[in-house]
Amino acid sequence: MWQCIEQAIKAETGNRFVIEKKRVIAASETNLAYQVSDYRHNYFVKVKDKNHFNHFESEAYALEQIRSLKQVTCPEVIATGTTLDKSFIVLSYIPFSQATNENWHHLGAQLAMMHKNSSHGQFGWQHDNYIGDTLQPNNWRSNWKTFFAEQRVAWQLQLLSEKSIKLGNIDHITDICHDALNHHEVKPSLVHGDLWLGNLGFTDSSSVIYDPACYYGDREVDIAMTELFGQLPYDFYQGYQEVFPLDEGYEQRKLIYNFYHILNHANLFGGIYIDQSRALLSRIMSLH
């Protein structure tokens, strides 16, 4: 496998590369991440089973779209490929440092600029991609309420239903989420799609986002997710609001947007996230 990765790096960079040092950065049941180096160049390599290659293709495409906007820094895609039984993606290696208040403020402002300067005619994405290991459908729609209710909430509820986990009538819940987004004017922005503390970092000179699940949607989905597992520092939100203030009613809409992610966690991990899904659904029902 490593010889294939060395060859892929050489083919894309034009530089001879032989791994002299390899360090495991993260490991899970389906994903391994490494830092590899020849003592001159460093790369970040993720490895999955071969049948996950389309995950890496989707990730590479999303990162390239973010980089093309030149607003928020993200890793550069060096190469993707497969071996006999594995798939891999090679990214630029970015050493992170401790964040300052100024870093957080800058990230908020940069994200706001990305949202502000990435308008599109419709909601969706060029292809279906993944939120974690869950397929995320992205068929183009001109109506945001319909897109989010059907391709985010209803999709996750259907996946749960196939595991014999039912939170209620899917059509009814979908209609409630659809109606809750009424009277909210939305322009499609490029969103990261999975923006939480574990998918961002800082260098001495820049803010970095990675592991995207991009699509064109309501910018508020990114801000909502930053609050799902505990808010980011105040300076982040201040930086965002100074550039692109959130619309009235966001506090109610973020319940709908984060319902999607809690449902996805319920699908991926079950357990407490099923209870959290039910609790959040009760809060959403109370708004109706």
key: Residues within the range 214-242 that are more than 19 Å from the chain's Cα centre (by Cα) and not in a helix (DSSP H, G or I), tallied   = 1
ask   = Hey, F123 hits all of (1) on the phi > 0 side of the Ramachandran plot; (2) at pLDDT 95 or above but one; which does it fall short on?
value = (1)
message = Checking the structure you have, find out if any residue of the range 114-122 is in contact with an Asp or Glu (Cβ under 8 Å, 6 or more places away or on another chain) and either among the hydroxyl-bearing types (S, T, Y) or surrounded by 16 or more Cβ atoms within 10 Å (Cβ to Cβ) (or both).
response = yes
query = Is at least one residue of the range 107-127 charged (D, E, K, R) and either in the same structural domain as V186 (by TED's automatic domain parsing) or within 30 Å of V153 (Cβ to Cβ) (or both)?
reply = yes
key: G201 vs. criteria surrounded by 16 or more Cβ atoms within 10 Å (Cβ to Cβ) and touching a residue at least 60 places away in the same chain (Cβ under 8 Å)   = yes
task = For Y260, state whether it is within 21 Å of N182 (Cα to Cα), in contact with an Asp or Glu (Cβ under 6 Å, 6 or more places away or on another chain) and assigned by TED's automatic domain parsing to the domain that holds L160.
result = no
query = Can you name every residue in the range 105-145 that is assigned to a helix (DSSP H, G or I) and among the β-branched types (V, I, T)?
reply = none
Which numbered condition V208 misses (of (1) part of a loop (DSSP other than H, G, I, E, B); (2) touching a residue at least 24 places away in the same chain (Cβ under 8 Å); (3) surrounded by fewer than 21 Cβ atoms within 10 Å (Cβ to Cβ)) = (1)
request  = Hey, can you tell me all the residues within the range 1-49 that are surrounded by 13 or more Cβ atoms within 10 Å (Cβ to Cβ), out of contact with any strand residue (DSSP E or B) (no Cβ under 9 Å at 6 or more places or on another chain) and either of a type in the set (V, I, T) or assigned to a helix (DSSP H, G or I) (or both)?
outcome  = K10
task = Please work out which one of (1) surrounded by 21 or more Cβ atoms within 10 Å (Cβ to Cβ); (2) assigned by TED's automatic domain parsing to the domain that holds Q276; (3) under 18 Å from N199 (Cα atoms) is the condition G132 fails and give its number.
result = (1)
request  = Could you tell me whether any residue of the range 76-97 is assigned by TED's automatic domain parsing to the domain that holds F202, within 18 Å of the chain's Cα centre (by Cα) and more than 16 Å from Y34 (Cβ to Cβ)?
outcome  = no
message = Considering only the range 243-251, I want to know if a residue exists there that is buried (at least 19 other Cβ atoms within 10 Å of the Cβ) and either part of a helix (DSSP H, G or I) or small (G, A, S) (or both).
response = no
task = Could you grab the pairs with beta carbons closer than 6 Å, sequence gap of 6+ or different chains, first residue in the range 157-171 and in the same structural domain as F259 (by TED's automatic domain parsing), second one buried (at least 17 other Cβ atoms within 10 Å of the Cβ) and assigned to a loop (DSSP other than H, G, I, E, B)?
result = none
key: Top-ranked residue in the range 243-254 [being under 21 Å from the mean Cα position of the chain (by Cα) and touching a residue at least 60 places away in the same chain (Cβ under 8 Å); ranked as farthest from Q71 (Cα to Cα)]   = R253
F88, sole failed condition from (1) modelled with pLDDT of 95 or more; (2) in a helix (DSSP H, G or I); (3) of a type outside the set (V, I, T); (4) over 30 Å from W104 (Cβ atoms) = (2)
request  = Might you check whether a residue that is part of a helix (DSSP H, G or I), polar (S, T, N, Q) and buried (at least 20 other Cβ atoms within 10 Å of the Cβ) occurs anywhere in the range 164-175?
outcome  = yes
Inter-residue pairs, beta-carbon under 6 Å, first of a type in the set (G, A, S) and in the range 275-288, second assigned to a helix (DSSP H, G or I) and surrounded by 13 or more Cβ atoms within 10 Å (Cβ to Cβ), 6+ apart = S277/I262; S277/L263; S277/A266
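The values are calculated or read from the model by the stated rules, or taken from the named source; none is laboratory data. No experiment lies behind these values; they were computed from the predicted model shown. No Cβ is skipped: glycine too gets one built from the backbone with ideal geometry, and neighbour counts run over all protein chains shown.
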